[in-house]
Every structure is written in structure tokens, then in C-alpha cells.
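Below is one structure, written out as C-alpha cells; the observations come after it.
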Amino acid sequence: MRISTKGGYGIRAMYELAMAYGQGPVPLKTVAERQSISEHYLEQLMGMLRRAGLVRGIRGARGGYELTSAPEAIRVGDVLRALEGPISPISCVDHDGFSECVRLEQCPTRGLWKRLRDSMTAVLDSTTLADLCREAQEDNL
């Protein structure tokens, strides 16, 4: 599975909001400048993240976006699912159980794809935004 720019940029935007958690909303322009992401593209991503309940938008002169939960409570996997859909290397092992593959029951590689899905999910769901912030501070970013 290759994470698209949507997922990559979304994680970086959420990192910025996590770094500012508890300090009030962060203007989209600030996030865009700090992460070198188009403000227009960020607006689209924030809409998806808002619909998923991960961020809230605050209107007005001192407005912007903020996390709906503490960074320790938001998993990277949740952010990616909101932006990219199921975390899966191939559709036949999506957790929704739906697949159009006619070879589903006799596929010799399905076990491999399941293990890969489970490994990716384990890493992404065991990493929170707080972990990303901590790692960035340790790396002096």
C-alpha cells in the first residue's frame, strides 16, 4: 500500500495541530506555511478530518482548527482511514469483508496480504499523534 499525498499531508497537518494542542485553534495558513502544503488542499483535507470527528473548525479572526481529542487519543491509523479509506495492501483483505475476487477462497497469496495488512494496522494503530510529536522533539525537528 502506498500512502498518497492526501494521507501524508494529513498526518503532517495533524502533527501541527497536536503540537499546538491546548493553545487554541491553529490558522490553516500557519499549518500550510509550516508544512509547505497548499492552503487550498489543506482545506479539503480538514473537511474530511472534520467529518471523521478528528478536528473541529473555529470561525472568526482567531479561528482555525484544533484536535477534538488529546494527541494521545488520536491514532495515526484513524487519521489515515479518514483520508485514505481501509488500511489494506489489496482489496480482498479489507476489514469490511467485501471482495469481488472470484478466487477468494482458493487464493494462495491471501494469507500473505492478511499478514501485511495486520502488520501495517498494528504499527499505525499503536502510534498516536503524541508519539509523532515526541519523536520529532527527540530528532530536534
Original post:
Between Thr128 and residues 5 or more places away or on another chain, which pairs have amide H atoms under 5 Å apart, with H built 1.01 Å from N, and which residues are they?
Top reply: Val76
Subject >> Stretchable slack from Arg56 to Gln137, in nm (0.36 nm times residue separation minus alpha-carbon distance) >> reply: 26.6 nm
**OP:** Identify which of the listed values of Rg and Dmax of the Cα atoms in Å was calculated from the structure shown: (1) 17.1, 59; (2) 15.6, 45; (3) 15.6, 48.
**Re:** (1)
Original post:
Once every DSSP H run of n ≥ 4 in the chain is given -39500 (n - 2.57) and the sum is divided by its residues, what mean residue ellipticity at 222 nm do you get, rounded to the nearest 500 deg cm²/dmol?
Top reply: -15500 deg cm²/dmol
Original post:
Under 20 Å from a point 7 Å along the Cα-to-Cβ line of Ala73: which residues of segment 104-141 have their amide N that close?
Top reply: 125-134
Subject >> Leu116 paired with Ser36, simple spin-label distance in nm, labels 7 Å along Cα-to-beta-carbon >> reply: 3.0 nm
**OP:** Compute the length gained on full extension between Asp125 and Thr5: take 0.36 nm times their separation in residues and subtract their Cα-Cα distance, giving the result in nm to one decimal.
**Re:** 41.2 nm
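Values quoted throughout were computed directly from the atomic coordinates according to the rules given, and no laboratory measurement underlies them. Just so we're clear, the structure is a prediction, and the values are computed from it rather than from any experiment. All Cβ positions, even for glycine, are placed from backbone atoms using ideal geometry, and neighbour counts span all protein chains on display.
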